[in-house]
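Working notes, beginning with the structure itself.
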Amino acid sequence: MADRESRREERLLRVNVAARRLELSRRQVYRLIEAGELPAVRLSPRGLRIPEGALRDYIRRLNQDSDPITPPHP
């Protein structure tokens, strides 16, 4: 039962933490949120948080959409 409850209580990340994980600026993360590409939860007028699962899903989508890097041919 505790495991089920812990899944429901997902960790919420601050914008600066998400920015660090994505290696982006805070402004770029806000733009992703405004564009609807990265879900966020508004806790107060100045309190915006990103669910950790949403960040993982965003990273997964980036990896699926990106082309594999191939070395140049000699």
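The values are calculated or read from the model by the stated rules, or taken from the named source; none is laboratory data. Computed from a prediction, not measured in an experiment: that's the story for all the values here. Ideal geometry is used to build each Cβ from the backbone, glycine not excepted, and the neighbour counts take in all protein chains shown.
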Worksheet, complete the sentence: Checked segment 5-42 for anything more than 17 Å from Ile59 (Cβ to Cβ), at pLDDT below 95 and not small (Gly, Ala, Ser); matches are Glu5, Arg7, Arg8, Glu9
Worksheet entry | Enumeration of residues in segment 33-61 that are under 13 Å from Ala19 (Cβ atoms) and assigned to a loop (DSSP other than H, G, I, E, B) | Leu38, Ala40
